[in-house]
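The values are calculated or read from the model by the stated rules, or taken from the named source; none is laboratory data. Remember, predicted model here, so these are calculated numbers, not experimental data. Reconstructed Cβ throughout: ideal geometry from the backbone, glycine too, with neighbour counts over all protein chains shown.
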Amino acid sequence: MQTKAKTKKQKNHGAAYDIWRSLRSNKVAVVSMVIIGIFVLISILADVLFDYETQVIAQDIMNDLQSPSKEHWFGTDSLGRDYFARMLYATRITLIISFSSVFIATALSIVIGGISAYFGGIVDTIIMRILDVFLAVPSTLLIICIVVALGNETVYIILALVVYLLPSLVRTVRSELMINMENEYVEAARSVGAGPFRIMLIHLLPNSFGAIMVRCTMSFALCILSTACIGYLGIGVRAPAPEWGRMLSEAQEYMRLHPYLITIPGFFIMIASTAFNLLGDALQDAMDPRLRGYRKMKKKVFARRKK
Amino acid sequence: MWRYILKRLLWLIPIILGVTLLVFALMSLKPGDPGRVYLGLNATQEAVDAYNESLGLNDPFFVRYFNYVKGLIKLDFGKSWVGGESVNDRIMSALPQTLKVCVYALVVAFITGLPIGILSAVKQYSLADRVLTIIAMILACIPVFWLCNMAAMLFTLKLHWLPATGLDTWKAYIMPVIGTAANTIGLTVRMSRSSMLDEMRKDYIRTARAKGAKEGSVIFKHALRNSLISVTTTLGVNFSILMGGTVFVENVYAIQGLGTCIVRSISNNDVPMLSGCVIILATFSVIVNLLVDLLYAYLDPRLRAKYVGKKKVAKARKEALNDAN
């Protein structure tokens, strides 16, 4: 036992540590992680900084459309509500919706993709053909249809996003698992008598985890954008609650005189989704041992040349 | 090859049927009282009921779906719940505008995205590459409606260079096309960069260099031709993203296309109009995807061989087996 522990220690502390180290050395990844951290912090602290009832949804027509000032950092909107407070709460709502939809979609896709990859044959064909239908409808329209049909409760918005994310996630999980199924260790596990669940959970999933994580991170960006899209069409999160897309569409009327009202939410959407996408990219690079070696090698070569 | 094409063409039917079923099922979940909307609040309940009955709303789900599909085969999308106009007419007048913008946007995205992607792949890790990839990422993540609004604010309200509504002159096309293309430009840059990088790392490139080929010919004759194949596969997906994007772009620039139709039918609760528009857009994206797949099969010799020479290969394999025995 002791020797085993020792060799483990010498061996770079496992794959997760390697990935983390590679991420840390990537400037873009660090910046995007910091940005995401700030967004998460904002959505946690929104409650502490502003009171929802009195500062976010309470209307104050006397103070409408004020320019940014010390009291109102981003000014006020057409109903006199503090834009800064609304932005913070909107961040929270968007992140909650995105997180829950990505979480549910990932869990479901692992189950469905797992079934599809493990059993193959007719089961696989049926699942994939059904997903093909969902993929055929342009994604924005699919989300619009679901939300219009079911109503704009937050639960249904999450459902719509899950349906939207599911096909591509299932495909990723399935192809990852299928590639890993070719490995000898699966055969070995099967020959020792491991059942499908054991092989799936203990052998296949940990090995496919990287690729799934990358897709998850990128799905976050898609969720943020889509939430904003349906919000912009007025079928997103219900009215008094602040939401980036809806705030943007409400500000459209006043864009001539108060351009910041429209600039700020768009900027938030863009930064948030870009940060998640860049992190996903960096994760992908970090997961790819080939690329990791390449980058290091390149650095070494550069260093040598400089000497 | 013909067998492959035929197989793919036949495959269109179940997909489109599936799409109609999906849209129809979703829309039938939506509570709505078209009779009340059409006849107004003063109409009697009997009249409203009779109107709903005449639309066949009281039939069981599958009967209604069957009737709807029967109509679709005759290219009849039914009547709008608001105003009772034919959905067909609406779609026919709106479709060209949307398709025009989408196709132009696809072309623009391809001819701007591809060279930038190649440039940044060839100069990997240079300053230009870093800046370009980050710009491409931002472009891919920008909310379309925001970009369009900002562009209108700058070019129409401030500078008075471009008109912000309609599609009457060539100038009017500039903003909608670029707005629709924005996301796709970003995606194309990223895609062409990564596929180019993939190719550049392959052995045959090293061989070409070892043989003393010039860098220009290595890039354009060897790497580019192969990386183009994987870039073409993204065209179909991109087209469907463009179609989704037009909903917002048309809304901002007041273009009378399908996007505007969709937005209006959402606010009017106009189910036949909405499902008609969605089904048409989905059908177009399916067809474009099919065409791209066929193009891909044609371009990629590996795939072409799989379908063209199938019989020959099977025959050869049989003969080889016989010989071995």
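Looking at A:126, A:104, A:130, A:144, which is the one that is surrounded by fewer than 23 Cβ atoms within 10 Å (Cβ to Cβ), within 11 Å of chain B (Cβ to nearest Cβ) and more than 30 Å from residue A:69 (Cα to Cα)?
A:130
Got a sec? Which of B:168, B:129, B:198 is acidic (Asp, Glu) and in contact with a Lys or Arg (Cβ under 7 Å, 6 or more places away or on another chain)?
Matching residue, one of B:168, B:129, B:198: B:129.
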Legend entry - Conditions (1) away from every other protein chain (no Cβ under 14 Å); (2) surrounded by fewer than 23 Cβ atoms within 10 Å (Cβ to Cβ); (3) part of a loop (DSSP other than H, G, I, E, B): number failed by residue A:256: (1)
Inset, instruction - Output yes when any residue across segment B:132-149 is on the phi > 0 side of the Ramachandran plot, assigned by TED's automatic domain parsing to the domain that holds residue B:97, free of Cβ contacts under 8 Å to residues at least 12 places away in the same chain and surrounded by fewer than 22 Cβ atoms within 10 Å (Cβ to Cβ), and no when none is. - result: no
Legend entry - Which listed residue, of A:205, A:201, is more than 10 Å from chain B (Cβ to nearest Cβ), in a helix (DSSP H, G or I) and free of Cβ contacts under 8 Å to residues at least 40 places away in the same chain: A:201
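Which is β-branched (Val, Ile, Thr) and either in contact with a Lys or Arg (Cβ under 9 Å, 6 or more places away or on another chain) or more than 9 Å from chain A (Cβ to nearest Cβ) (or both), of B:278, B:249?
Working: B:278 fails: either in contact with a Lys or Arg (Cβ under 9 Å, 6 or more places away or on another chain) or more than 9 Å from chain A (Cβ to nearest Cβ) (or both).
On inspection, the qualifying residue turns out to be B:249.
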Legend entry - Tally, over segment A:24-77, of residues that are charged (D, E, K, R) and under 27 Å from residue A:287 (Cβ atoms): 2
Legend entry - Which numbered condition residue A:92 fails, given (1) touching a helix residue (DSSP H, G or I) at 6+ places or on another chain (Cβ under 9 Å); (2) at pLDDT below 85: (2)
Inset, instruction - Give the residue that is nearest to residue A:162 (Cα to Cα), with candidates limited to residues of segment A:216-231 that are more than 10 Å from every other protein chain (Cβ to nearest Cβ) and among the hydroxyl-bearing types (Ser, Thr, Tyr). - result: A:219
Legend entry - Identity of the residue in segment B:33-74, of a type in the set (Val, Ile, Thr) and part of a helix (DSSP H, G or I), that ends up farthest from the other protein chains (Cβ to nearest Cβ): B:48
Legend entry - Given (1) within 14 Å of chain A (Cβ to nearest Cβ); (2) outside any helix (DSSP H, G or I), number of the condition residue B:77 does not satisfy: (1)
Inset, instruction - Starting from segment A:149-165, keep only residues that are within 14 Å of another protein chain (Cβ to nearest Cβ) and without any contact (Cβ under 8 Å) to a residue 24 or more places away in the chain, then list their pairs with residues that are surrounded by fewer than 20 Cβ atoms within 10 Å (Cβ to Cβ) and not in a helix (DSSP H, G or I) whose Cβ atoms are within a distance under 8 Å, requiring at least 6 positions of separation or different chains. - result: A:149/B:29; A:149/B:30; A:150/B:29; A:150/B:30
Inset, instruction - Can you work out which of the residues in segment A:232-245 that are more than 10 Å from chain B (Cβ to nearest Cβ) and buried (at least 24 other Cβ atoms within 10 Å of the Cβ) is farthest from the chain's Cα centre (by Cα)? - result: A:242
Inset, instruction - Among the candidates B:161, B:170, single out the residue that is out of contact with any helix residue (DSSP H, G or I) (no Cβ under 9 Å at 6 or more places or on another chain) and more than 14 Å from chain A (Cβ to nearest Cβ). - result: B:170
Inset, instruction - Taking only segment A:157-198 into account, find how many residues are outside any helix (DSSP H, G or I) and under 15 Å from the mean Cα position of the chain (by Cα). - result: 0
Inset, instruction - From the list B:87, B:131, B:82, B:144, pick out the single residue that is β-branched (Val, Ile, Thr), within 14 Å of chain A (Cβ to nearest Cβ) and more than 19 Å from the chain's Cα centre (by Cα). - result: B:131
Inset, instruction - Examine segment B:164-172 for a residue that is in a helix (DSSP H, G or I), closer than 16 Å to residue B:249 by Cβ and modelled with pLDDT of 85 or more, and state whether such a residue exists. - result: no
Legend entry - Residue, farthest from residue B:273 (Cα to Cα), within segment B:2-32, restricted to residues that are more than 14 Å from every other protein chain (Cβ to nearest Cβ) and in contact with a Leu (Cβ under 9 Å, 6 or more places away or on another chain): B:4
Inset, instruction - Return the total of residues in segment B:181-225 being part of a helix (DSSP H, G or I), surrounded by fewer than 21 Cβ atoms within 10 Å (Cβ to Cβ) and of a type in the set (Gly, Ala, Ser). - result: 5
